[in-house]
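What follows is one structure encoded as structure tokens, with my remarks underneath.
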Amino acid sequence: MNLVTIGHWALIGGLILAVLAGFAVIPQLTLILFVLGLIVGFLNVTETESTSFLVAVIALLLIGVAGLQFGEVTPVIASILNNFIAFVAAAGLVVAVKQIVAVAKPTI
């Protein structure tokens, strides 16, 4: 199994786990989602995709936070949004750091 396949399954697993965990209590869920998000950020997003990925991450995080702050949400939906935020934020963190390192790299 190659790294791209692992990253792909981490993305699918993280999304499914974020939704399913809204209906049940899973110990250490935030840590699991954070690690899956890190894997997605490292393995799935190339440098050419990073700008569009970061814009999508910003939009998704804003939607999640706004849904929690301004909407009348049920506890299940609030849990799903919190899980989704943990997952997406970790992936965005990795891609943002990779992008900063690429921009700061000296050109010769």
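The values are calculated or read from the model by the stated rules, or taken from the named source; none is laboratory data. All figures in this text were calculated on a predicted structure; none of them were measured in a lab. Because the Cβ atoms are built from the backbone with ideal geometry, glycine has one as well, and the counts that use them run over all protein chains shown.
Observations, loosely collected:
- In the range 90-108, the residues that are surrounded by 11 or more Cβ atoms within 10 Å (Cβ to Cβ) and among the β-branched types (Val, Ile, Thr): Val94, Val95, Val97
- Selection count where residues are modelled with pLDDT of 90 or more, more than 13 Å from the chain's Cα centre (by Cα) and not hydrophobic (A, V, I, L, M, F, W, C), scope the range 51-108: 4
- Set Phe70, Phe53: member being surrounded by 14 or more Cβ atoms within 10 Å (Cβ to Cβ) and of a type outside the set (Lys, Arg): Phe53
- Number of residues in the range 7-22 that are modelled with pLDDT of 90 or more and surrounded by fewer than 16 Cβ atoms within 10 Å (Cβ to Cβ): the value is 5.
- Residue match in the range 4-27 (condition: in contact (Cβ under 8 Å) with a residue 40 or more places away in the chain and over 23 Å from Leu68 (Cβ atoms)): yes
- Counting only helices (runs of 4 or more DSSP H) wholly contained in the range 15-106, the ones carrying 1 or more residues that are touching a Lys or Arg at 6+ places or on another chain (Cβ under 7 Å) occupy 50-70.
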